[in-house]
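Colleague: Sharing a structure here in C-alpha cells format.
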C-alpha cells in the first residue's frame, strides 16, 4: 500500500469515527431532552389532576366520525357492476359533572349512530337510501350526597333506547337509589339494590317492567393525547332472569393533530327480551321450527364497533 492509499484509508477511518461520535452525542442529547420533556409532562398531568379535583362544573365531550363512499360503473368482476354505496357513522360521548365538597351531580350522554346504503343502478326494486344500522342512545343522571371521600348515598335515572328506528320501542328507564363508590378519581361504581326498570314497548307480552338491582361502572379518563371511556350498565330483575339485561360500551380516541385523531368504539349487550322480540318477528308459523319463547330463544351476544376519525370537542 503506497502513501496515498494509506492516507486515504486513515482519512476515512477518522471521518467514520468522528461521525460515530457525533451520532452517539446526538442520541445522548435526545435522551436527555426526552427525559426532561417527560418530567414536565408528568408535572403538567399532576397539575391537571388538581384542577379536575376542584369543586365546580366539569363539561366535556369527544366523539368518532367514520365513513366511506364509493361508485362503480361497468365493474364486471363483481356481482353488481353498477352501484353506489356508502357507510356513515358517528359517536358522541358527553358529560356535565358538578362536583362539590358534600355532593355531586354527574350527567352523561352516549350515542352511536350509523347508516349504510347499497344502490344497484341496474334495478329500481332495491332501496337506494341510507338506512340505519347501529343505533344506540343512552343518557343518565346520578346525584349523590357524600358520606365520606369514597362513599355516597345516591339516586340514579338512566334512559336508553334507539333514535333512528323504533324510537322508545323498546325504551328502558331505570330509577333507583342506593350507594355510589368512587375508589379512584375517574372510576364511578353505582350499587343500587332498589331500582325499578320501566320498559316501554308496543309488545307488552314480551317486554315487561320489574323491580331489581342496578349496577353501573364508569371509567372516563384523559391521559395526554389518549382519551377513553368505558361504561357497564347492568340490571338484575328480582321477578325473572329473563327480564335482566346488561350493556357495555367503550370509546377510545387518540389525538394526532390539534383536536383531530383516530377513534375506536365497540359495544356488547345481552337482552333476552330483545332477542325474543326479534325471533318472533322472523318466525314462520308454517315452518317446522317451534314458536320462540323465553325458554328456547337463542340470546346471542349483541355487538357493534366503529373505527374512524375522532374529534375532541
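The values are calculated or read from the model by the stated rules, or taken from the named source; none is laboratory data. Predicted model, so just to flag it, every value in this text is computed and none were measured. Cβ atoms come from the backbone with ideal geometry, glycine included; neighbour counts cover every protein chain shown.
Colleague: For residues that are touching a residue at least 24 places away in the same chain (Cβ under 8 Å) and part of a loop (DSSP other than H, G, I, E, B), scanning just region 188-208, find the one that is nearest to residue 297 (Cα to Cα). Walk me through it before giving the result.
Modeller: Filtering region 188-208 for residues touching a residue at least 24 places away in the same chain (Cβ under 8 Å) gives 188-192, 195, 197-203, 206-208.
Narrowing further to those that are part of a loop (DSSP other than H, G, I, E, B): 201-203, 206-208.
Details: 201: 19, 202: 20, 203: 17, 206: 12, 207: 14, 208: 17 Å.
My answer is 206.
Colleague: Now a separate question. State whether one or more residues within region 263-278 are free of Cβ contacts under 8 Å to residues at least 24 places away in the same chain and in contact with a helix residue (DSSP H, G or I) (Cβ under 7 Å, 6 or more places away or on another chain). Break it down into steps so the answer makes sense when it comes.
Modeller: At the first step, the residues of region 263-278 found to be free of Cβ contacts under 8 Å to residues at least 24 places away in the same chain are 278.
Filter once more, so that each one left must be in contact with a helix residue (DSSP H, G or I) (Cβ under 7 Å, 6 or more places away or on another chain): none.
No; the residues of region 263-278 include none that is free of Cβ contacts under 8 Å to residues at least 24 places away in the same chain and in contact with a helix residue (DSSP H, G or I) (Cβ under 7 Å, 6 or more places away or on another chain).
Colleague: Sort through 80, 111 and tell me the only one that's in a loop (DSSP other than H, G, I, E, B) and in contact with a strand residue (DSSP E or B) (Cβ under 6 Å, 6 or more places away or on another chain).
Modeller: Numbers: 111 fails: in a loop (DSSP other than H, G, I, E, B).
Residue meeting the stated conditions: 80.
Colleague: A further question on this structure: Is it true that residue 75 is under 29 Å from residue 243 (Cβ atoms) and either outside the structural domain of residue 227 (by TED's automatic domain parsing) or out of contact with any helix residue (DSSP H, G or I) (no Cβ under 7 Å at 6 or more places or on another chain) (or both)? Before you say what the answer is, go through the steps one by one.
Modeller: Numbers: under 29 Å from residue 243 (Cβ atoms): no; either outside the structural domain of residue 227 (by TED's automatic domain parsing) or out of contact with any helix residue (DSSP H, G or I) (no Cβ under 7 Å at 6 or more places or on another chain) (or both): yes.
Criteria not met by residue 75.
Colleague: Okay, moving on. I'm told residue 163 meets every condition in (1) within 21 Å of the chain's Cα centre (by Cα); (2) surrounded by fewer than 17 Cβ atoms within 10 Å (Cβ to Cβ); (3) free of Cβ contacts under 8 Å to residues at least 40 places away in the same chain except one. Can you identify the failing condition by its number?
Modeller: For residue 163, the exception is condition (3).
Colleague: Is it the case that region 279-295 has a residue that's assigned to a strand (DSSP E or B), crowded, with 17+ Cβ neighbours inside 10 Å, without any contact (Cβ under 8 Å) to a residue 60 or more places away in the chain and assigned by TED's automatic domain parsing to the domain that holds residue 161?
Modeller: Within region 279-295, the first condition is being assigned to a strand (DSSP E or B), and the residues that meet it are none.
Within region 279-295, none of the residues are assigned to a strand (DSSP E or B), crowded, with 17+ Cβ neighbours inside 10 Å, without any contact (Cβ under 8 Å) to a residue 60 or more places away in the chain and assigned by TED's automatic domain parsing to the domain that holds residue 161.
Colleague: Would you pick out the residues in region 172-199 that are buried (at least 17 other Cβ atoms within 10 Å of the Cβ) and within 20 Å of the chain's Cα centre (by Cα)?
Modeller: 172, 188, 190 - these are the residues of region 172-199 that are buried (at least 17 other Cβ atoms within 10 Å of the Cβ) and within 20 Å of the chain's Cα centre (by Cα).
Colleague: Let me ask something additional. If you go through region 124-167 one residue at a time, how many are modelled with pLDDT of 90 or more and not in a strand (DSSP E or B)?
Modeller: First, the residues of region 124-167 that are modelled with pLDDT of 90 or more: 137-163, 167.
Now restrict to residues that are not in a strand (DSSP E or B): 147-150, 162-163, 167.
Count: 7.
Colleague: Checking the conditions here, which among 249, 255 is under 11 Å from the mean Cα position of the chain (by Cα), in a strand (DSSP E or B) and in contact (Cβ under 8 Å) with a residue 24 or more places away in the chain?
Modeller: 249
Colleague: Then there's this: Could we say that residue 212 is assigned by TED's automatic domain parsing to the domain that holds residue 299 and touching a residue at least 60 places away in the same chain (Cβ under 8 Å) here? Break it down stepwise before answering.
Modeller: Values: assigned by TED's automatic domain parsing to the domain that holds residue 299: yes; touching a residue at least 60 places away in the same chain (Cβ under 8 Å): no.
It is false that residue 212 is assigned by TED's automatic domain parsing to the domain that holds residue 299 and touching a residue at least 60 places away in the same chain (Cβ under 8 Å).
Colleague: Out of 211, 243, 232, which single residue is at pLDDT 95 or above and in contact with a helix residue (DSSP H, G or I) (Cβ under 7 Å, 6 or more places away or on another chain)?
Modeller: So the residue among 211, 243, 232 that is at pLDDT 95 or above and in contact with a helix residue (DSSP H, G or I) (Cβ under 7 Å, 6 or more places away or on another chain) is 243.
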